[in-house]
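A.B. asks: For reference, the structure I am asking about is given below.
Laboratory data are not the source of any read-out in this text; all were calculated from the coordinates shown. Quick caveat, the model's predicted, so the values are computed rather than measured. Heads up, the Cβs are rebuilt from the backbone with ideal geometry, glycines too, and the neighbour counts pull from every protein chain shown.
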Amino acid sequence: MSTPSPPQRQQEEKQSVSLSKKKNQKRKRTKHDPELERLDSLPWNSSLPNEEEEDDTFSLFIGSGDLDGGFLSLEEIDESDYGLDVPGAKKKISNKNSKLKKQKLEEVTEGSREDAEAEPEPEPAEGMAEEKNVKAKKKKKKSKKKKAKAVQQEDESATVIDSKDDEKEQMLYEDEAEAYAEFYAWNELRLHPLLMKSISRLGFKEPTPIQRTCIPAAAHQGKDVIGAAETGSGKTLAFGLPIFQRLLEEREKAANMLEEKGEEAGKYAPKGVLRALIITPTRELTLQITDHLKEFAKDINVRVVPIVGGMSAEKQERLLKTRPEVIVGTPGRLWELMSGGEKHLVELHSLSFFVLDEADRMVEAGHFRELQSIIEMLPMTSGTTEGQSQDTQNCVTVSSLSRKKRQTFVFSATLALSADFRKKLKRGSLKSKQSTDGLNSIEILSERAGMKPNAAIVDLTNASILAKNLEESFIECREEDKDAYLYYILSIHGEGRTIVFCTSIAALRHISSILRILGINVSTLHAQMQQRARLKAIDRFRANEHGILVATDVAARGLDIPGVRTVVHYQLPHSAEVYVHRSGRTARASSDGCSIALISPNDSAKFASLCKSFAKESIKHFPLESSYMPEVMKRLSLACQIDKISRKDSQERANKSWLERSAESLELVVENYDSEEERVKNFKQKKASSNHLKKLQQELNGLLSRPLRPKTFSHRYPTAAGVTHLIQHQFEELAKQNGDDNLVLGENKRRKMVVIGQDCVEPLQALRSAGREVHMDVKERVEKRRNAESLRRKRKEEKKRLRDQRRKQKKQSQGRE
Ligand SMILES: Nc1ncnc2c1ncn2[C@@H]1O[C@H](COP(=O)(O)OP(=O)(O)OP(=O)(O)O)[C@@H](O)[C@H]1O
């Protein structure tokens with residue numbers, strides 16, 4: 001072996017010193033990496049006010065937006081890595097390009113340096129060795145030159161490409177900057193670039209107030225949140241975005257750490273564990289939230305899966321096998337699976353988010369027990385933290401990060417917390433309570449779910465519990481005339497989607513049958529329907545721009561169907577809360593809409609107190625064109641008769657087939673004991689009834705084939721209401737043409753051709769243009785109702801008295817005879 005020459009030795013020494021330095025640095029990083037320590041020992045809410053000093057009263061608590069543990073600041077994220085150039089990112093991109101160029105160059109130089117520093121080959125015989133050395137030197141020089149040339153060429157071409165790229169980039173940047181400029185309102189929320197990409201894809205120009213308030217607290221301060229805001233205010237994303245933000249940040253943090261430590265990815269970012277469990281009260285809401293979140297998850301590769309009753313076991317199994325990070329479900333089915341030991345659902349050690357949506361509904365009878373059981377299965381969020389962080393001090397895995405603090409989000413459209421809620425949370429005094437009553441149980445649930453005393457309480461319902469863009473109105477009518485007014489609304493103002501709410505399934509069946517007879521195609525939705533049928537009904541409604549859904553209060557909450565223009569309260573709901581939720585199916589997000597309540601004398605006191613509970617002093621009368629009513633009544637009367645006969649027939653058929661089926665199952669023969677005479681009589685009756693039905697149907701068809709006209713119909717003023725869309729379109733075209741002609745003819749002539757109904761097709765337009773404000777005086781209304789009732793009673797008594805008197809007189813006269 002040859003001993004290295006002094007300069008070689010010096011070089012080797014230098015190398016070994018730098019190597020050991022590197023090793024030491026690496027060791028140091030592994031042992032005392034301040035970043036790891038920071039992540040492990042993060043006080044999640046360090047930026048929060050001192051708990052002792054904290055105001056205990058029920059208060060709006062909005063995060064300051066400070067960055068806190070485990071969360072990446074946007075500076076740490078390079079938007080260009082996500083194919084997304086947000087404004088201001090330009091510099092970074094070109095910096096990155098020059099860095100890449102530099103890196104390439106360095107690689108090549110490094111290569112030639114390596115060549116130069118390569119260990120000498122074993123020395124051959126002297127003469128040959130010299131020759132070889134010269135050859136080798138020449139070769140090295142050549143390769144150096146070649147490489148340098150290549151670098152130069154590459155550099156030159158890179159400069160050409162770069163300048164072209166720069167131009168393109170500049171153009172792209174300008175385009176995108178312009179595109180994203182529309183979304184600048186989101187900047188303050190410092191969301192991950194991929195989430196911004198989804199936001200711009202969905203065209204959400206700005207965060208809604210609840211999103212603006214909740215996201216900083218939940219996503220950047222890691223706080224728990226109790227949030228309440230009007231219906232349709234975007235609560236789903238208020239909790240959805242913080243979930244995605246944290247998952248993305250953790251994923252990136254883990255990847256960065258992996259890069260530094262050079263270890264296997266799976267160890268640090270375990271895949272296929274449940275990270276977020278979102279619980280909602282209804283199947284529809286579950287599916288809707290899943291769809292909404294999936295839209296966002298498209299760009300970020302996070303699996304969101306629904307778990308609801310009514311779903312086939314195979315499908316459910318298949319969905320759970322994908323081991324989704326986010327599960328949205330109803331308490332019943334979730335608990336069924338959890339108590340059955342479903343693997344993905346019971347491995348909750350990595351659960352980072354527990355969300356209760358529509359929490360007020362959740363605590364209603366039927367859900368509370370299952371929810372409580374689910375909550376009991378959740379791992380503790382405090383106490384275990386320290387131990388775990390010690391165990392994992394040298395190995396910060398995503399699961400250990402997430403274990404550190406599970407965030408709890410409780411959202412609702414209506415919320416009433418006791419003034420000392422924070423105090424109760426701090427004392428843990430709610431733990432022992434067994435209450436399942438009303439609103440307080442939201443507090444109990446929140447506490448049991450691990451809600452921390454420093455949770456951000458964001459209550460935006462104080463100002464207005466109902467959506468700002470919602471116009472409310474009512475129609476006063478007799479109970480028996482409700483059908484007629486409903487038909488009037490749907491046929492005269494049947495533009496846009498409408499939901500008609502009833503409180504009972506019987507009423508739902510009645511009106512849907514009548515409306516169908518009247519040629520109005522409606523979908524129905526109620527709790528007794530099978531899940532498949534429910535989903536179909538929603539899909540059908542969603543697919544029709546002018547669809548009509550007749551529903552009970554199962555559809556009152558959460559159902560998010562765009563373009564619902566009108567909500568009709570055919571029957572008033574039992575509580576103000578349900579009224580809020582029902583009305584909230586329209587005027588969602590930034591759109592507007594209107595609600596119409598059909599108020600019978602029996603409803604008036606209830607309606608007045610409803611208005612009182614929303615501090616409404618006045619409400620608009622929905623404008624009615626009474627000249628339509630005779631025609632409406634005529635059609636309705638025919639429809640009711642047809643409905644009655646059809647119902648009777650189908651009832652008889654059902655009874656008969658039941659009898660036959662039962663007999664068949666018992667292997668009996670049903671004998672007909674009716675006499676010939678009776679049978680003939682029955683036959684005749686049936687025939688007469690069927691003929692009558694046909695006649696009624698014909699008459700109705702005749703009426704329906706014509707547009708619904710006011711009694712004072714003039715052919716100069718054709719109505720557009722009740723006509724087919726084709727005719728309506730023709731009317732519109734005609735009106736437009738006429739308008740254009742009239743423009744030429746002059747202002748005065750333009751009003752000659754009027755398409756009645758066209759100007760107020762939408763109830764909202766009609767309401768805005770002709771709605772009459774009515775002062776709501778609860779006392780006055782109650783008094784009025786009392787007077788009306790006593791008058792009715794007196795009349796009844798008077799009638800009875802007169803009847804008795806007549807009877808008496810009759811008897812007396814008979815006795816005399
Ligand atoms: N920032 C936004 N800009 C525009 N539209 C939005 C925004 N955020 C959410 N939306 C849309 O608003 C609609 C209502 O949102 P969401 O269902 O989350 O409301 P909600 O408050 O949960 O309503 P509810 O209490 O009735 O369940 C959805 O269609 C959603 O896509």
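A.B. asks: Using 0.36 nm per residue, how much length does the chain from Arg647 to Ser675 gain when fully extended, once their Cα-Cα distance is taken away?
C.D. replies: Full extension of this stretch gives 7.4 nm more.
A.B. asks: Another question, if that's okay. Check which residues have an amide H placed less than 5 Å from Ala597's amide H, if you skip close sequence neighbours.
C.D. replies: Sorted by chain and number, the residues that satisfy this are Ser473, Phe474, Ile475, His569.
A.B. asks: Going toward the positive end of the dipole of the range 505-603, with +1 on Lys and Arg Cβ and -1 on Asp and Glu Cβ, which of Val550, Ile517, Ala589 do you reach last?
C.D. replies: Final value for the positive-end residue is Ile517.
A.B. asks: Would you mind calculating the gained length between Asn701 and Ser627 on full extension (0.36 nm times residue separation, minus the Cα-Cα distance), in nm to one decimal?
C.D. replies: 24.5 nm
A.B. asks: HN-Hα J couplings of the range 226-236 from phi, Karplus 6.51/-1.76/1.60, θ = phi - 60°, integer Hz, Gly and Pro as x?
C.D. replies: Rounded to whole hertz, the list is 10, x, 9, 7, 4, 5, x, 8, x, 5, 4.
A.B. asks: What ranking, highest mean first, results for peptides 241-249, 183-191 when packing means the other Cβ atoms within 10 Å averaged over each residue?
C.D. replies: Sorting 241-249, 183-191 by mean packing, highest first, produces 241-249, 183-191.
A.B. asks: Here's a follow-up. Would you grab the residues whose amide H sits under 5 Å from the one on Ile226? Only those 5+ places off in sequence or on another chain, please, with H modelled 1.01 Å from N.
C.D. replies: Amide H neighbours of Ile226: Val410, Ala456, Ile457, Val458.
A.B. asks: For the range 808-817, in order, what is each residue's ³J(HN,Hα) by Karplus, 6.51 cos²θ - 1.76 cosθ + 1.60 with θ = phi - 60°, in whole Hz (x at glycine and Pro)?
C.D. replies: 4, 4, 4, 4, 4, 5, 5, x, 5, 5
A.B. asks: Ordered by packing density, taken as the mean number of other Cβ atoms within 10 Å over each peptide's residues, highest first, how do 294-307, 583-596 rank?
C.D. replies: 583-596, 294-307
A.B. asks: Once you have the Cα-Cα distance between Arg786 and Glu376, take 0.36 nm times their residue separation minus that, and quote the gain in nm to one decimal.
C.D. replies: Length gained between Arg786 and Glu376: 142.5 nm.
A.B. asks: Let me ask you something else. Met529's amide H: which non-local residues (gap 5+, or another chain) put their own amide H closer than 5 Å, with H modeled 1.01 Å from N in plane and none for Pro or chain starts?
C.D. replies: none
A.B. asks: Under 8 Å for C-alpha pairs, at least 6 residues apart: give me the relative contact order for the range 450-593, rounded to a whole percent.
C.D. replies: Relative CO of the range 450-593 lands at 32 percent.
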